Amino acid sequence: MDIYEEIKKLTEISAMSGREDRMISYIISRLKESADDLHVDKMGNVTATYLGRGENPPSIAYFAHMDEVGLIVKKIEDTGFLRLERVGGIPEKVLPSEFLDVHTLDGTTSVRGVVGNTSHHLTSAEKKFSVTAINEIYVDIGCRSKEEVFSLGVDIGSSVTYVPNFMKMGNCIVSKSLDDRMGIYTLLALAEHLETAEHEATVYLIFTVQEEFNVRSSTPTFKRLEPDAAICVDISPACDTPELEGKYDMALGKGVAIMYMNFHGRGTLGGLLPNPKLNQFLEEIAEDELMNCQKEVVIGVITDDAFTQLAGTEGIPMAHLSIPLRYTHSPAEAACVKDIEDCAELMCLSACKFGRHVDLSRGC
């Protein structure tokens with residue numbers, strides 16, 4: 001796979017939380033020939049199974065989320081402007097003057113719009129340095145009435161996403177929704193590797209839904225599969241920009257990160273303290289292969305593994321690989337290509353090395 005073309009394609013697919021069907025279809029089309037089994041549950045989570053050797057092989061799951069942050073139309077003004085509500089952690093500060101795709105209610109097409117931004121010449125002094133709240137934000141799609149909006153197939157409930165904008169920037173890529181299309185890329189790279197590589201374990205590749213909205217929609221899949229181990233692949237905020245310098249030791253170009261703790265830090269309590277031995281398994285592989293790796297401890301980040309670790313009757317040993325990312329949840333997220341490739345390589349190596357000999361027990 002060409003990493004640039006693949007991630008460009010993935011970021012061009014609209015898949016706001018709860019509206020992941022186009023991405024689901026794409027994943028199915030990519031894996032239907034190579035997987036031993038392909039399953040889509042009632043939530044929309046996709047599981048591709050690659051069977052291991054022997055009668056009762058161990059199992060390991062790798063998972064990443066298909067959805068992206070977005071907005072939803074909550075009101076249509078008589079004058080044709082659209083009012084919005086956030087779906088996931090989309091930051092209001094980036095929205096004024098932003099180009100957006102407003103999708104028809106049936107999801108078959110979209111119209112382009114722009115977020116209104118009060119003319120600079122007429123902006124009051126107290127407004128010039130403030131963030132516009134979501135209840136004040138509106139989208140202009142060039143309509144002058146409700147009826148004109150309806151005629152385009154747009155209605156209350158229509159999803160709204162950032163406009164595709166993939167670009168190369170030195171040894172980096174910049175785009176909307178690199179969170180978590182980079183993770184999806186690594187799963188597809190692992191699927192390609194598993195077509196020819198020997199692996200003792202049965203490997204599940206799980207593409208999850210609604211992570212950005214409720215972080216829990218993947219739990220039915222893990223309850224159904226109950227793998228012997230699982231590794232989540234997502235992003236972590238890079239702290240190598242001027243305003244975040246030194247906050248956490250996470251930087252672009254220094255390799256994939258093995259996470260030791262994440263925690264939401266506000267609202268619903270949730271996060272992951274990974275299985276120590278599973279982390280050690282990953283660390284030893286990286287060391288043996290002379291791979292650059294970072295270690296991650298971060299507050300303010302949560303993803304699927306916060307709750308999938310609790311699935312089944314005994315819980316699931318869980319680890320987490322993070323790809324450093326600048327400007328998270330904005331329309332211009334930035335990542336280093338080598339970090340993505342390192343993450344995919346560590347996943348391929350660990351999938352082929354995982355077996356009954358890997359001890360994940362606790363208390364000894």
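The values are calculated or read from the model by the stated rules, or taken from the named source; none is laboratory data. All figures in this text were calculated on a predicted structure; none of them were measured in a lab. Virtual Cβ from ideal backbone geometry, glycine too; neighbours counted across all protein chains shown. Only protein heavy atoms, including side chains, enter the accessible area calculation; ligands, DNA and RNA are left aside. Shrake-Rupley method; radii C 1.70, N 1.55, O 1.52, S 1.80 Å.
Worth a mention:
- Some residue of segment 305-313 being at pLDDT 90 or above, part of a helix (DSSP H, G or I) and of a type in the set (S, T, N, Q): yes
- Residue, surrounded by the fewest Cβ atoms within 10 Å (Cβ to Cβ), within segment 277-294, restricted to residues that are free of Cβ contacts under 8 Å to residues at least 24 places away in the same chain and under 17 Å from His357 (Cβ atoms): Asp288
- Residues in segment 184-193 that are open to solvent by less than 10 Å² (accessible area, probe 1.4 Å) and out of contact with any Cys (no Cβ under 8 Å at 6 or more places or on another chain) were compared, and the one that is nearest to Met318 (Cα to Cα) is Leu187.
- Residues satisfying the stated conditions in segment 124-153, i.e. free of Cβ contacts under 8 Å to residues at least 40 places away in the same chain and hydroxyl-bearing (Ser, Thr, Tyr): Ser124, Ser130, Ser151
- Per-region count, segment 154-168, residues touching a residue at least 12 places away in the same chain (Cβ under 8 Å), touching a strand residue (DSSP E or B) at 6+ places or on another chain (Cβ under 7 Å) and farther than 17 Å from Met16 by Cβ: 1
- The set of residues from segment 247-276 being closer than 19 Å to Gln309 by Cα and open to solvent by 40 Å² or more (accessible area, probe 1.4 Å) comprises Tyr260, Met261, Phe263, His264, Gly265, Thr268, Leu269, Leu273, Pro276.
- Residue match in segment 15-30 (condition: within 26 Å of Leu105 (Cα to Cα), open to solvent by less than 50 Å² (accessible area, probe 1.4 Å) and aromatic (Phe, Trp, Tyr)): yes
- The residues listed here are Tyr4, Tyr62; of these, the one that is in contact (Cβ under 8 Å) with a residue 24 or more places away in the chain, open to solvent by 10 Å² or more (accessible area, probe 1.4 Å) and either in contact with a strand residue (DSSP E or B) (Cβ under 9 Å, 6 or more places away or on another chain) or not hydrophobic (A, V, I, L, M, F, W, C) (or both) is Tyr4.
- Scanning segment 36-50 for residues that are among the β-branched types (Val, Ile, Thr) and either in contact (Cβ under 8 Å) with a residue 60 or more places away in the chain or open to solvent by less than 60 Å² (accessible area, probe 1.4 Å) (or both) turns up Val46, Thr47, Thr49.
- Inside segment 73-108, residues that are of a type in the set (Val, Ile, Thr), open to solvent by 50 Å² or more (accessible area, probe 1.4 Å) and modelled with pLDDT of 95 or more make up a count of 1.
- In segment 203-223, of all residues being under 16 Å from Leu178 (Cα atoms) and in contact with a helix residue (DSSP H, G or I) (Cβ under 9 Å, 6 or more places away or on another chain), the one that is most open to solvent (accessible area, probe 1.4 Å) corresponds to Glu212.
- Criterion violated by Thr308 - all others in (1) open to solvent by less than 20 Å² (accessible area, probe 1.4 Å); (2) under 20 Å from Pro242 (Cα atoms) satisfied: (2)
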